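K.L.:
The structure is given below, and queries will be raised subsequently.
The values are calculated or read from the model by the stated rules, or taken from the named source; none is laboratory data. Note that the structure is predicted; figures quoted are calculated from it, not measured. All Cβ positions, even for glycine, are placed from backbone atoms using ideal geometry, and neighbour counts span all protein chains on display. Surface areas here come from the heavy atoms of the whole protein model, side chains and all, with no ligands, DNA or RNA. Shrake-Rupley method; radii C 1.70, N 1.55, O 1.52, S 1.80 Å.
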Amino acid sequence: MGLPRLHGSPQSRSPLVNFFCYEAGIDFEMAPSRPSPHPFGQVPCLTDDDGVVVFESGAILLYLMDTYGFKGDKPTKAEKAAMTSWVLWANACLDGLCFGAIPGDHRVRGTSMERSDLKAVATLETILSKSEWLVGGRFSVADAAVASYLNYVPVFFPNADLSKTPAIAAYMLRCAQRPAFAQAFGEDHAELVQSKAEEWLDAPAAVGGGGGPVDMFKKMFG
Ligand SMILES: N[C@@H](CCC(=O)N[C@@H](CS)C(=O)NCC(=O)O)C(=O)O
């Protein structure tokens, strides 16, 4: 049996698959971004034994989790359902929120993640203010998907200000601090996310200011 082969490049979103593989302890090998067996010629695209070809970053994450598992973790049926939902949400909704992508044309246009008035942003903030990780109190494929998208925001939009959503900022920070994150995306990417998130968490505009919720998040998750 050969290893799964990931067609991708550091300049694309394929490192989010690398991130998951490093977290899950899945062996794989990199393959060139072109030609890609992706039916639309894009990356990431994963091939595996028995003629397997998987495209769409979320589908690749779910295929890897189903086929190779996550360090022996046995999610319950409910956890697996929640993980699947978050991975699809990242592709279907968060992509657009983070980068202004429209279906069929994934060029980066602008970010809506600064807009805490948007229901999706406000709801994500509430969810992350209540739990450190998205599913089951531990890092999972759901976090690999969601955090990877969020953590591209300061890279593409260096002036983005997420200080109004400290729980999201703290989540981005703790994901960027994971060794697998820097291994997948590179030290510069990880350091940039960390310094931006710290800046937002220290900003006086952040909810509550000194001693308020921001400090609480830092204590809990920082
Ligand atoms: N929704 C897809 C988006 C794939 C995508 O837009 N890939 C970009 C790189 S991040 C690409 O291959 N662009 C080159 C092209 O479209 O030819 C996914 O999540 O995998």
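K.L.:
Please work out if His38 is within 11 Å of the ligand (Cβ to nearest atom) and within 26 Å of Ala190 (Cα to Cα). Explain how you work it out, then say what you get.
P.N.:
Numbers: within 11 Å of the ligand (Cβ to nearest atom): yes; within 26 Å of Ala190 (Cα to Cα): no.
No: the conditions fail for His38.
K.L.:
Let me ask you something else. Quick test of your reading of the structure: Ala190 fulfils all but one of (1) under 22 Å from Leu118 (Cα atoms); (2) of a type outside the set (Ser, Thr, Tyr); (3) at pLDDT 95 or above; (4) open to solvent by less than 20 Å² (accessible area, probe 1.4 Å). Name the failing condition by number.
P.N.:
Every condition holds for Ala190 apart from (1).
K.L.:
Same structure again: Restricting attention to region 67-85, report how many residues are part of a helix (DSSP H, G or I) and either in contact with an Asp or Glu (Cβ under 6 Å, 6 or more places away or on another chain) or crowded, with 20+ Cβ neighbours inside 10 Å (or both). Give the steps one after another, and end with the answer.
P.N.:
So the first thing to find is which residues in region 67-85 are part of a helix (DSSP H, G or I), and the list is 67-68, 77-85.
Filter once more, so that each one left must be either in contact with an Asp or Glu (Cβ under 6 Å, 6 or more places away or on another chain) or crowded, with 20+ Cβ neighbours inside 10 Å (or both): 83.
Total satisfying the criteria: 1.
K.L.:
Being within 11 Å of the ligand (Cβ to nearest atom) and either surrounded by 13 or more Cβ atoms within 10 Å (Cβ to Cβ) or part of a helix (DSSP H, G or I) (or both) is the filter here; which residues of region 89-112 pass it?
P.N.:
Ala90, Asn91, Ala92, Leu94, Asp95, Gly96, Phe99, Ala101, His106, Val108
K.L.:
How about region 52-66: which of its residues are open to solvent by 70 Å² or more (accessible area, probe 1.4 Å), more than 7 Å from the ligand (Cβ to nearest atom) and not in a strand (DSSP E or B)? Steps first, answer last, please.
P.N.:
Here is the first cut: in region 52-66, the ones open to solvent by 70 Å² or more (accessible area, probe 1.4 Å) are 53, 55-56, 66.
In the following step, the residues that additionally are more than 7 Å from the ligand (Cβ to nearest atom) were identified as 53, 66.
Answer for region 52-66, where residues must be open to solvent by 70 Å² or more (accessible area, probe 1.4 Å), more than 7 Å from the ligand (Cβ to nearest atom) and not in a strand (DSSP E or B): just Asp66.
K.L.:
Then there is this: Quick check on this structure: which one of Ser129, Ser163, Ser140, Ser116 is among the hydroxyl-bearing types (Ser, Thr, Tyr), touching a residue at least 24 places away in the same chain (Cβ under 8 Å) and buried (at least 23 other Cβ atoms within 10 Å of the Cβ)? It would help to see each step written out before you state the result.
P.N.:
Values: Ser129 fails: buried (at least 23 other Cβ atoms within 10 Å of the Cβ); Ser163 fails: buried (at least 23 other Cβ atoms within 10 Å of the Cβ); Ser116 fails: buried (at least 23 other Cβ atoms within 10 Å of the Cβ).
Of the residues listed, the single one that is among the hydroxyl-bearing types (Ser, Thr, Tyr), touching a residue at least 24 places away in the same chain (Cβ under 8 Å) and buried (at least 23 other Cβ atoms within 10 Å of the Cβ) is Ser140.
K.L.:
Go through region 41-51 residue by residue and tally those that are closer than 15 Å to Pro4 by Cα and either more than 11 Å from the ligand (Cβ to nearest atom) or more than 20 Å from the chain's Cα centre (by Cα) (or both).
P.N.:
First, the residues of region 41-51 that are closer than 15 Å to Pro4 by Cα: 43-51.
With the extra rule that they be either more than 11 Å from the ligand (Cβ to nearest atom) or more than 20 Å from the chain's Cα centre (by Cα) (or both), the set shrinks to 47-51.
Residues meeting the conditions: 5.
K.L.:
Find all pairs meeting these conditions: Cβ atoms under 9 angstrom apart; at least six residues apart or on different chains; first residue within region 71-88 and in the same structural domain as Glu23 (by TED's automatic domain parsing) and free of Cβ contacts under 8 Å to residues at least 40 places away in the same chain; second residue β-branched (Val, Ile, Thr) and loosely packed, with under 12 Cβ neighbours inside 10 Å.
P.N.:
That search, which allows pairs on different chains as well, returns nothing.
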